[in-house]
Amino acid sequence: MSSSMESVSLQNIAPGQHAAVRKAHGDMSGNWKTHLTTPRATLLETSHLKKSYHRGQVEIQVLNDVNLQIKENDWTSIVGQSGSGKSTLLHLLGTLDAPDQGAIHFEGNRIDDLPSRSRDILRNRHFGMIFQFYHLLPELNTLENVLTPLMISSGVLSYWLQKRHYTDRAKALLEHVGLGHRMKHLPRELSGGEMQRAAIARSLIAEPRVLLADEPTGNLDRKTGDDILEILRTLNRRENLTIVMVTHDDAVAGQADRIVRLAEGRVQEIT
């Protein structure tokens, strides 16, 4: 995957509204890019994260003082028992949710308290995400599903001007994940493994810096799951894509460079 990051134009953010926006983006039309001077530099980092939810009058603490560094080009697995906070942590890393306390930095820039629009841009262009349940749009075929992030980010005119280029990129990704023969099929016509392959291609279409994967093999049989892991391994080893993967399966977690084990909302050990 290319490590280049597209220019981000932030609109509707008043001057002085958010210091982190100015820091992260330089001027309002510039690139969000910190030039990394060392290999395997810290790409994502959490500091003293805390997160709780309320069930009626009861507060349930999910994460408690989580400190974690994700190195560039590494494959990190986050494991733990059900309720340990692993999926919550992944959602916080992807700015799908916000911590109660603590901070998250991406390339040295704080991201957990960015305005909503800035977080949307970050997820659309710089974070790829895949989930256990695929989340493909049922009315779109495989190729169209892969193209949706670019449809959303580009705007109608820009998308149509670059449609051939985008389509070629999407087709190449589908070939890469073994779905070149299923481009025109709807999700209901695909197997679980094929839907997950399509979701992986979709997550890569914007050439993200980080792939966040929440139980990517959780709904698949062992053979199909192994095929998905092989795709992830290729992306990490050959394309230097940074991967953070949540799994409950120690055998799956063992594919990664590093395993972070959570217990009762804390980092218990890192191996």
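In the set (1) part of a helix (DSSP H, G or I); (2) out of contact with any Phe, Trp or Tyr (no Cβ under 9 Å at 6 or more places or on another chain); (3) under 25 Å from Leu235 (Cα atoms); (4) of a type in the set (Gly, Ala, Ser), the condition left unmet by Gly178 is number (1). Quick check on this structure: which one of Leu114, Leu122, Leu173 is under 25 Å from Leu235 (Cβ atoms) and in contact with a helix residue (DSSP H, G or I) (Cβ under 8 Å, 6 or more places away or on another chain)? None of the others qualify; the one that does is Leu173. Scanning the range 64-97 for residues that are within 20 Å of His48 (Cβ to Cβ) and over 15 Å from the mean Cα position of the chain (by Cα) yields Asn64, Asp65, Val66, Asn67, Leu68, Gln69, Gly80, Ser84, Gly85. Among the residues making up the range 122-160, those that are among the polar types (S, T, N, Q) and out of contact with any Asp or Glu (no Cβ under 6 Å at 6 or more places or on another chain) are Asn124, Asn141, Thr142, Asn145, Thr148, Ser153, Ser154, Ser158.
Please go through the range 109-142 and pick out each residue that is of a type in the set (A, V, I, L, M) and either closer than 18 Å to Gly193 by Cβ or free of Cβ contacts under 8 Å to residues at least 12 places away in the same chain (or both). Answer for the range 109-142, where residues must be of a type in the set (A, V, I, L, M) and either closer than 18 Å to Gly193 by Cβ or free of Cβ contacts under 8 Å to residues at least 12 places away in the same chain (or both): Ile130, Leu136. Inside the range 225-239, residues that are more than 17 Å from Glu215 (Cα to Cα) and exposed (fewer than 14 other Cβ atoms within 10 Å of the Cβ) make up a count of 3. Kindly establish whether Leu174 is of a type outside the set (Phe, Trp, Tyr) and touching a Gly at 6+ places or on another chain (Cβ under 6 Å). So Leu174 passes the test.
Throughout, read-outs are computed from the coordinates displayed, never taken from laboratory work. What you are looking at is a predicted structure, and each value in this text was computed from that prediction instead of being measured. All Cβ positions, glycine included, derive from the backbone under ideal geometry; neighbour counts span all protein chains shown.
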